[in-house]
Amino acid sequence: MDERHDEATSAGVASRAAEPECREALDVLYHYLDGELDEERRRTIRHHLELCSPCLEAFDFEAELKVVIAQRCRESVPDSLRDRVASALAEASRASRYRP
Ligand SMILES: [Zn+2]
C-alpha cells in the first residue's frame, strides 16, 4: 500500500518540473555566475537553459541581481568601509579556526 502511494507522489513531482537536470542547474547556479565552472559544465548548463524556461528565468534573475549588487558595492562603498569589512571577515575566519 505504501509503495503504491510513493509511486504516485514521485510521478506527480517529476511531471511538475523536478528534472534532475533542473536541480543540478540550480545547484551550480552561483558557481556558473561566478565563472567557476569548466567549459564542459557551462555548455551543459547553457544547453539546459535553452530548453528549460523556468531555469532560464531563475538564472536571469540571479544574474541581474548579481550585477546590481556588484554595481551598488562598487559605487557606494568607500575604501575605508571595504577595508573594515575585509578585516572583519579575516578576523571571523581566524576565530572560526579556534573552534574544535
Ligand atoms: Zn530546468
Checked against (1) at pLDDT 80 or above; (2) loosely packed, with under 10 Cβ neighbours inside 10 Å, ARG99 satisfies every condition except (1)
Pairs returned, first residue in the range 34-55 that is more than 13 Å from GLU19 (Cβ to Cβ) and among the small types (Gly, Ala, Ser), second residue that is in a helix (DSSP H, G or I) and away from the ligand (no atom under 15 Å from the Cβ), beta-carbon separation under 9 angstrom, 6 or more apart or interchain, are GLY35/ARG42
Of those in the range 50-72 that are more than 14 Å from the chain's Cα centre (by Cα) and surrounded by 12 or more Cβ atoms within 10 Å (Cβ to Cβ), the residue nearest to the ligand (Cβ to nearest atom) is CYS52
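The values are calculated or read from the model by the stated rules, or taken from the named source; none is laboratory data. None of these values were measured; they are calculated from a predicted model. Every residue, glycine as well, gets a Cβ built from its backbone with ideal geometry; the counts of neighbours run over all protein chains shown.
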